Amino acid sequence: MTYNVLVRDHCLGCDKLASYIQEKGIKADIINLDYEEIDLPFKVHIVPALVQGDRLIAYGGGDIIKYLEK
């Protein structure tokens with residue numbers, strides 16, 4: 001199952017995370033919540049956020065990168 005990375009415009013952490021994901025070739029769909037909707041059983045209050053299926057994995061660029069490096 002692939003990851004969804006939830007971002008918003010004007011978010012430096014989101015931009016850095018998106019660049020990291022592209023540089024490392026990580027399979028993830030980057031979803032900008034300012035333009036796209038995602039059906040989740042919870043609300044996302046902090047971006048960036050890493051989601052897999054309907055499960056929240058991590059918030060924040062640093063925590064998401066640590067998780068993806070495992």
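The values are calculated or read from the model by the stated rules, or taken from the named source; none is laboratory data. Since we're looking at a predicted model, the values are computed, not measured. Positions of Cβ are backbone-derived with ideal geometry, glycine not excepted, and every protein chain shown enters the neighbour counts.
Entry remark, region 23-45: residues being at pLDDT 95 or above and β-branched (Val, Ile, Thr) number 2 in total.
Just one of the listed residues (Gly53, Gly60, Gly25) is surrounded by 13 or more Cβ atoms within 10 Å (Cβ to Cβ) and on the phi > 0 side of the Ramachandran plot, namely Gly60.
Residues of region 11-64 that are among the β-branched types (Val, Ile, Thr) and either touching a Ser or Thr at 6+ places or on another chain (Cβ under 9 Å) or over 18 Å from Met1 (Cα atoms) (or both): Val44, Ile46, Val47. Report whether or not Gly61 is in contact with a Phe, Trp or Tyr (Cβ under 9 Å, 6 or more places away or on another chain) and small (Gly, Ala, Ser). Answer is yes for this residue.
Counting only strands (runs of 3 or more DSSP E) that sit wholly inside the chain, those with at least 2 residues that are without any contact (Cβ under 8 Å) to a residue 40 or more places away in the chain and under 10 Å from the mean Cα position of the chain (by Cα) are 28-32, 55-59. Restricting attention to region 46-70, the residues that are among the acidic types (Asp, Glu) and either modelled with pLDDT of 95 or more or out of contact with any Leu (no Cβ under 7 Å at 6 or more places or on another chain) (or both) total 2.
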